[in-house]
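Chemist: Below you will find the structure I want to go over with you.
The values are calculated or read from the model by the stated rules, or taken from the named source; none is laboratory data. In this text, all values refer to a predicted model and were calculated from it rather than measured experimentally. Note that we place each Cβ from the backbone using ideal geometry, even for glycine, and neighbour counts take in every protein chain shown. Calculation scope for accessible area: heavy atoms of the full protein, side chains included, ligands and nucleic acids excluded. Shrake-Rupley method; radii C 1.70, N 1.55, O 1.52, S 1.80 Å.
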Amino acid sequence: MKLGTLVVSIALLGATQSGFTATEGGFKRFSVSAGWLHVMPQGKANPFNINTAVAKGTKSTVGAISAGSFLNAINPDAKLTTGENAKEVLNMIFDNPRDSDTGEYIIDPDTGKPVPSIGQMLGFADANNIVSSEITGVATIDGLDQWTQNGTGLEAEDVDTLGLTLNYYINDNVSLQLIGGFPPKVDIKGVGEITAPLSGFAVPGDAVKPITGDMLSLLKDIPITNLGAQSKAATARAWTPVLEAQYQFGKSGVNKFRPYVGAGLMYAYFNDIKLNGQIESDLIVAGHMIQNVLDNKAGAALDGKISSGEMRVKVDADDAIAPVVTAGFTYDLNENWYGVASVSYAKLSNKATINVVNQTTGAELIHATTKIDIDPIITYLGVGYRF
């Protein structure tokens, strides 16, 4: 609306100062057109930069944790006091016995349940294979404070909409043009998978220290959300008015076909942003994971349990201003009506931000940003009227 007001003001000022009539000099002072606007983004995805509220070196009591999550978090290269691979030995201790041929759990015919693991028989885990807090100890967590997730990002998809233009002609060759249209809903494609790079070490309970030693190395990429697995990651309403100065070759009343070139600025504003439901759910789970770590419940975090907080996901996109260049032509159908076709390119990019907030405390638990290179090629085909 501000750009439109500017164009109209310039037009009225020019008409007042020149004293021209609408057709003086053999040309019309104003023109409008409407037609098909097709936007083809050319930009590629840029990686997400992610920060969480879990600072490097955060200590968190592990507490009770499922044997599977406990084992999966151990560094594959970690060693026991005997020098043996920690993950392999602990898996033998905490995993229920399996049939060597089928890989299926061996069932106790008397109970109808899997034969207890060594850990269950020693009292390290309960009947549901939940490792006790006396065994798991305290974890010191690194890697979750900040990281760049390469191979991920967001890309805008092609879109069609109704285009509108308003021209004010300073003279027969030079004009100012406002380009707008009905703001389309743009699909945003997701690229790649986001994982949380957990690292650090755990100081286990005294009962298992003779086996594990004073600490166990932790290393695991925890899946957060797969952006590329969804048909679209988000949608947004795009408002992208353009103000250009244009030069039209030829002369009114002489040349029906008149090519033109233009240059100007595009203002981009995005609202009504909606995140894909599955991705939003995944991020809420990730928010609970971070809160559980902060609540001294690292085991609950790895088990994906609900935390003490209520999570909300907020998505935003920055406004942007971009240079635009255009080449096109008009063809006069009669004194007033004309056809118009053009192709434009805008060097447009903006920043998208995704925050996961604990509404109970107001704390920001996850802050993720990515640059979206849109860089659209825009084609326009329409019909106009000069007056």
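Chemist: For Ala196, enumerate residues with amide H under 5 Å from its amide H, sequence gap 5+ or separate chain, H modeled in the peptide plane.
Modeler: Those lying under 5 Å, H to H, from Ala196 are Ile222, Ile224.
Chemist: So how exposed is Phe249, as accessible area in Å² (1.4 Å probe, rounded to 10)?
Modeler: 100 Å²
Chemist: Can I ask one more? For the chain, set up a Gaussian network in which alpha carbons nearer than 10 Å are linked by springs, and say which option among Glu84, Glu280, Glu193 fluctuates the most.
Modeler: Glu84
Chemist: Let me cross-check Lys113: its accessible surface, 1.4 Å probe, with only protein heavy atoms counted, in Å² to the nearest 10?
Modeler: Spelled out: Lys113, probe radius 1.4 Å, area about 130 Å².
Chemist: Give the distance, in whole Å, between the Cα centre of the range 76-134 and the Cα centre of the range 298-357.
Modeler: Between the Cα centres of the range 76-134 and the range 298-357 lies a distance of 51 Å.
Chemist: If the chain between Gln146 and Ser349 were fully stretched, how many nm would it gain, using 0.36 nm times the residue separation less the Cα-Cα distance? Write down the numbers at each step before the final one.
Modeler: Working: separation 203, 0.36 × 203 = 73.08 nm, distance 2.35 nm.
Answer, rounded to one decimal: 70.7 nm.
Chemist: Another question, then. Probe of 1.4 angstrom, ligands and nucleic acids ignored: what's the accessible area per residue over the range 86-179, in square angstrom? Spell out each step's value before the answer.
Modeler: Details: 4910 Å² over 94 residues.
I get 52 Å² per residue for this part.
Chemist: Could you compute the FRET efficiency for Tyr331 and Ala263, with r as their C-beta to C-beta distance and R0 at 25 Å, rounded to 0.05? Walk me through the intermediate numbers first.
Modeler: Details: r = 22 Å, r/R0 = 0.89.
Efficiency at R0 = 25 Å is approximately 0.65.
Chemist: Full extension from Ala207 to Asn49: what is 0.36 nm times the residue separation minus their Cα-Cα distance, to one decimal in nm? Kindly include the intermediate steps, with their values, before the conclusion.
Modeler: Values: separation 158, 0.36 × 158 = 56.88 nm, distance 4.04 nm.
Going from the current span to full extension adds 52.8 nm.
Chemist: Which far-off residues, 5 or more places away or on another chain, put their amide H under 5 Å from the one on Asp108, with H placed in the peptide plane?
Modeler: For Asp108, the qualifying residues are Lys113, Val115.
Chemist: Calculate, for Asp221 and Asn271, the FRET efficiency according to 1/(1 + (r/R0)^6) with r their C-beta to C-beta distance and R0 41 Å; round to the nearest 0.05.
Modeler: 0.75
Chemist: Between their Cα atoms, which of Lys189/Lys220; Lys44/Lys185; Lys220/Lys305; Lys232/Lys351 are more than 22 Å away from each other? Intermediate results must be reported in sequence, preceding the final value.
Modeler: On the way: Lys189/Lys220 27 Å; Lys44/Lys185 19 Å; Lys220/Lys305 18 Å; Lys232/Lys351 18 Å.
Violating the 22 Å Cα-Cα cut-off are Lys189/Lys220.
Chemist: Sticking with this structure for a sec: Explain nothing, just the number: relative contact order of the range 304-387, from Cα pairs under 8 Å at least 6 residues apart, as a whole percent.
Modeler: Reported as a whole number, the value is 34 percent.
Chemist: For Thr152, what residues show an amide H to amide H distance below 5 Å, using hydrogens built from the backbone and excluding near sequence neighbours?
Modeler: Those lying under 5 Å, H to H, from Thr152 are Phe48.
Chemist: Any idea what Rg and Dmax come out to for the range 37-160 if you just take the C-alpha atoms, in Å?
Modeler: Cα-based Rg and Dmax for the range 37-160 come out at 22.3, 73 Å.
Chemist: Can I ask one more? Straight distance only, please: which aspartates and glutamates reach the Cα of Lys297 with their own Cα at less than 15 Å, same-chain residues fewer than 8 apart left out?
Modeler: The qualifying aspartates and glutamates are Glu134.
Chemist: Something else now. Accessible area of Asp101, 1.4 Å probe, to the nearest 10 Å²?
Modeler: Surface open to solvent at Asp101 totals about 140 Å².
Chemist: Give a residue-ordered list of calculated ³J(HN,Hα) values for the range 117-122 (Karplus: 6.51 cos²θ - 1.76 cosθ + 1.60, θ = phi - 60°; whole Hz; x for Gly, Pro).
Modeler: Taking θ as phi minus 60°, the curve returns 7, 4, x, 5, 5, 7 Hz for the range 117-122.
Chemist: Okay, next question. Could you put Met289, Met40 in order of accessible surface area, largest first, with the 1.4 Å probe and the full protein assembly present? Don't skip to the answer; put the middle values down first.
Modeler: On the way: Met289 20, Met40 50 Å².
In descending accessible area the options line up as Met40, Met289.
Chemist: For Ala341 and Ile321, what is the calculated FRET efficiency with R₀ set at 22 Å and r taken between the beta-carbons, to the nearest 0.05?
Modeler: 0.25
Chemist: Rounded to the nearest whole Å², what accessible area per residue is found for the range 188-253 with the 1.4 Å probe?
Modeler: With all protein chains present, the range 188-253 gives 45 Å² per residue.
Chemist: For the range 64-130, what % of the accessible area comes from carbon and sulfur atoms, probe 1.4 Å? Walk me through the intermediate numbers first.
Modeler: Details: 2150 of 4020 Å².
Of the solvent-accessible surface of the range 64-130, carbon and sulfur hold 54 percent.
Chemist: Going 7 Å from the Cα of Asn173 along its beta-carbon direction, which residues of the range 328-353 have the amide nitrogen within less than 20 Å of the resulting point?
Modeler: Answer for the range 328-353: 328-332.
Chemist: Same structure again: If we restrict to alpha carbons, what Rg and Dmax does the range 265-355 come to, in Å?
Modeler: Reported Rg and Dmax, both Å: 24.0, 78.
Chemist: Can you list the HN-Hα couplings for the range 174-179, worked out from phi with the Karplus curve (6.51, -1.76, 1.60; θ = phi - 60°), rounded to whole Hz and with x for Gly and Pro?
Modeler: 10, 9, 10, 10, 9, 10
Chemist: Take Ser132, project a point 7 Å from its Cα along the Cβ direction, then tell me which residues of the range 189-228 have their backbone nitrogen under 17 Å from it.
Modeler: 204-212
Chemist: Report the full-extension gain for the segment Asp77 to Asp158: residue separation times 0.36 nm, less the Cα-Cα distance, to one decimal in nm.
Modeler: Result for the pair: 24.5 nm of gain on full extension.
Chemist: Throw me the Rg/Rh for the chain, computed over C-alpha atoms with Kirkwood Rh, two decimals.
Modeler: Values: Rg = 31.5 Å, Rh = 25.4 Å.
Checking Rg against Rh, the ratio lands at 1.24.
Chemist: Tell me the carbon and sulfur percent of the accessible area for the range 218-292, rounded to whole percent, probe radius 1.4 Å. Don't skip to the answer; put the middle values down first.
Modeler: Working: 2050 of 3510 Å².
Result for the range 218-292: 59 percent of the exposed heavy-atom area is carbon or sulfur.
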